[in-house]
1. Of the residues A:S213, A:S194, A:S206, which single one is free of Cβ contacts under 8 Å to residues at least 40 places away in the same chain and farther than 23 Å from B:Q203 by Cα?
2. Taking the range A:320-336 as the region of interest, how many residues are crowded, with 24+ Cβ neighbours inside 10 Å, within 14 Å of another protein chain (Cβ to nearest Cβ) and not in a loop (DSSP other than H, G, I, E, B)?
3. Of the numbered conditions (1) within 14 Å of chain B (Cβ to nearest Cβ); (2) over 30 Å from A:D371 (Cα atoms); (3) touching a residue at least 24 places away in the same chain (Cβ under 8 Å), A:A246 satisfies every one except a single condition; which is it?
4. Please verify whether B:V127 is over 13 Å from B:I79 (Cβ atoms), facing chain A (nearest Cβ under 7 Å), at pLDDT below 95 and within 12 Å of the chain's Cα centre (by Cα), treating the condition exactly as stated.
5. With the requirement that a residue be within 28 Å of A:L163 (Cβ to Cβ) and assigned to a helix (DSSP H, G or I), what does the range B:38-65 give you?
6. Please verify whether the range B:188-203 includes one or more residues that are more than 7 Å from chain A (Cβ to nearest Cβ), in a helix (DSSP H, G or I) and not basic (K, R).
7. Would you please name the residue that is surrounded by the most Cβ atoms within 10 Å (Cβ to Cβ), looking only at residues in the range A:342-359 that are away from chain B (no Cβ under 12 Å) and in a helix (DSSP H, G or I)?
8. Just give me the residues in the range A:295-319 being in contact with a strand residue (DSSP E or B) (Cβ under 9 Å, 6 or more places away or on another chain), in a loop (DSSP other than H, G, I, E, B) and at the interface with chain B (Cβ under 10 Å from one of its Cβ atoms), in sequence order.
Amino acid sequence: MTMLSADQIRNVLRARAEHRAVSDKKVPDVREEMWKLQDKGELIVIPITARNKPVKVETLFGWEKKIPTDHLWHHKSCGQCGNIPGYPASLLWFMNQFETSYLNEPHQTSCTAWNYHGTGTSNPVALAAVAVRNWYRAYETGTFPLIHCGTSYGDYKEMRKLLIENAEIRNKVREIMRHMGKELVIPEEIVHYSEWVHVMSDRMASMAKYDLSDITVTVHEPCHYYKMVPEDAIYDMNVHGGQRPAPPTALMLALGAKVADYSTWYDCCGFGFRHILTEREFTRSFATLRKIRPMVEEAHSDVVITTDTGCVTTLDKSQWIGKVHGMDFMVPVLADVQLAALSAGAHPYKIVQVHWHASPTEKLMEKIGIDYVKYKEDFMAYLQQIKNGGKVEYLYEPHKEMEKYFAVNKGQVIPEHDSNG
Amino acid sequence: MSIMKNLPNRKEADRPSMIVAGARNEENNSELAAKIFSQFRSDFRYHEFVLGCLNCGECTTGCPAARFYDFSPREMLQIAMSDDPQVLLDAMQEKIWACCQCYTCNMRCRFGNDIAGIISVMRELAVKNGLESTKEVLKPASRSLLKVMTHGTQVSPDMIQPDFFVDWDPKAVSKSSELAVLRKAIPIDVLQVTDSSWEVSMQTALELAQIYEESGVLDMLRALDPDLVEMIVDIISDWKEEFEEMKEKYVIKGDASK
């Protein structure tokens, strides 16, 4: 048997990765056309500048993508904020640790794509206009949009493509924006929060207070991160040999956890958009039988890690009912940034907000070495303090009452055009 | 767990009566079928999304819906390519709603078809044309529709009630009684609300309403649920009045964002 050198193995893997690029259809890089449209005055590109401290990464076809790490505008996720609030809280907590400048405002709508994918009650002009309205808010405050939700991330990449390739849609959206006193803007890159986390992995790992080497993680890769617009997802030859997206596996490895494989890694979680809300028999059956069971029985997973709203919700909330059929798995499901925050010593209840999760996290915390009983007592006392009208702890200074009504410009400077950052 | 049945291939007797009533009428309505077929083929996305098919079935092997429903993305693409308007209308009765929109089929397709996308186009047309079966399928989603059309977020903490989500979380009962204080204990000010995922400023909500109106989404929804549209219009109208009052209170002239 011939032994291959590391370089030869890399070449084999790269050749395999490049094979994806020739799968019958040439995939254009829409970003090239985007810059040309800006030159023609058709739209404004929100640039990533030196002020955003970008980090360069590689995507599926070996293209370069810039991930801004500072001066960010949080594009929140409705499902995360609605029932997994520790997800955004953990992200903002890390940004505070790193002294990252950000805005987290009420002047944002969701992408509305959950509704669209579930019910079909929208159209391309509306979806694109919603995207541009949100992007414009980041633009006018001198920040760069960081998309929390995988579906928003996928949808916004579809909308970017649509706005770049379809002049009719572009004109309609520009007209709607003009009626609002806004312009047609498109961010230089569409960036998912997990990509920010990915490029900050080593810094996050350096904050670790707990040893995760006994923790077995299974990763569920969200479909809308890498299947919706495949060419824009981050891949790394050192993670899964470049054959699967690098986030969040790279972070898990950086944290020292064991990442275990399972046979159905490629399957969707079963969210289904409409199904999770109104046809849950499908969602919970698929999630339990196709995802949770292999994760537990094949990989002996201590925790499931994923990077999207719907996937955390589905995999977490679908387990309890499995007990009826003797499937008492109850494996905790967390977002990447939540496990990293626990590892870095963030408060499990005040910051990571694990009490919103249906599948219990106590066993995991105990295995990590977190004294969750002490933290829980502390949190219960905090709840009582809030009930008594006591001080509430915030990650940033709360907005003024006026901002419940008006999108007051923070007076930040719109950055000069400089894409060389 | 029980394997779900899919309505299109059930026997007549198995079908819920309300759906049958609508479907029967529509199945015989060749005029409606022709109209929808024409709309479908003239949509700018049709020629971008439907590129050809080898019938290889790669799309279906990875499809989550295909495991539990009588549904296959391969079949959906074949239907999209069929020249028979009735075939399209039949699939739009219920089959289109089985799709999870996960895009696994798209990634596996060697032709580069956007199968999930073309199913979305069919769904849009089902809504726009007010199919009775669509009204029935989307009836339980009206609450989240109202939420997204007015608040711009699609779920809210107070929607997670034990009577609606009894299978989700045994702790939901205690959460619902303690919801306000638990939300207050989130260290992010805009998340400390219960009726929306986050507090959306009124200006932002009104801008979203403007988008829905100018892009034709409200008109589209009228065919599906006129009462819902009326409710949305009433809420937005009240907010517009309140917004003007707030402008006076905070002495803001013209465009608030400036």
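1. A:S206
2. Residues that pass the stated criteria total 1.
3. Against the list (1) within 14 Å of chain B (Cβ to nearest Cβ); (2) over 30 Å from A:D371 (Cα atoms); (3) touching a residue at least 24 places away in the same chain (Cβ under 8 Å), A:A246 comes up short only on (1).
4. Against the criterion (over 13 Å from B:I79 (Cβ atoms), facing chain A (nearest Cβ under 7 Å), at pLDDT below 95 and within 12 Å of the chain's Cα centre (by Cα)), B:V127 does not qualify.
5. Scanning the range B:38-65 gives B:S38, B:Q39, B:F40, B:R41, B:S42, B:Y46, B:H47, B:E48, B:F49, B:C59.
6. Checking the range B:188-203: not a single residue is more than 7 Å from chain A (Cβ to nearest Cβ), in a helix (DSSP H, G or I) and not basic (K, R).
7. Here the residue is A:L342.
8. The answer is A:Q319, and nothing else.
The values are calculated or read from the model by the stated rules, or taken from the named source; none is laboratory data. Computed from a predicted structure; not experimentally measured. Methodologically, a virtual Cβ is constructed for each residue, glycine included, from the backbone with ideal geometry; neighbour enumeration extends over all protein chains shown.
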